Amino acid sequence: MWSKQRDEVLGLYSPDAVFLDEVSRRLSGRAELESLYATVFAKYDSRLRLTPATVTPRRSRSGIVCVERGRFSEDLRDRGSGTVQHAQGPYRFAYAKGPDGAWRFVLMDWRPAQR
């Protein structure tokens, strides 16, 4: 994300991936994720740190997924004003193997209340 390579970042997601932000706003699919990253990359510089706690394989209707849970810490610097926002809390990511054999995000959940 630091390099602002939007296509590379979007390539990490499955075509029907779901992104849940800290206020439970739900984004899904390539077009919504493109819009999110275009906005974020244009306005902010991010220093994101992930600390994984568990990675667990699970069966789903579409096959095997891996669920990663952990904690994050992020500093977002607004390029215009220079102000820095700090956020931290739990995260939950789910990955699934695509037809090409690559693992991609199917879920990225940044909400504070994890189930």
* Provide the FRET efficiency to the nearest 0.05 for the Arg30-Gln5 pair, computing r from the beta carbons and using R0 = 22 Å. => 0.90
* To do: Please work out which option in (1) 77; (2) 61; (3) 55 gives percent of Cα pairs over 18 Å apart calculated from these coordinates, and answer with its label.
  => (3)
* Of Pro90, Ala17, Ser73, whose Cα points farthest to the positive end of the dipole of region 6-109 (charges on the beta-carbon: +1 Lys, Arg; -1 Asp, Glu; origin at the Cα centre)? -> Pro90
* Structure fact -> Helix 29-43 sits off the longest principal axis of the Cα atoms of the chain, rounded to the nearest 10 on a 0 to 90 degree scale, by 20
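Every number in this text was worked out from the coordinates using simple rules, so none of it is lab data. A quick note: this is a predicted structure, and the numbers were derived from the prediction, not measured. So basically every Cβ, Gly included, is an ideal-geometry build from the backbone, and we count neighbours across all protein chains shown.
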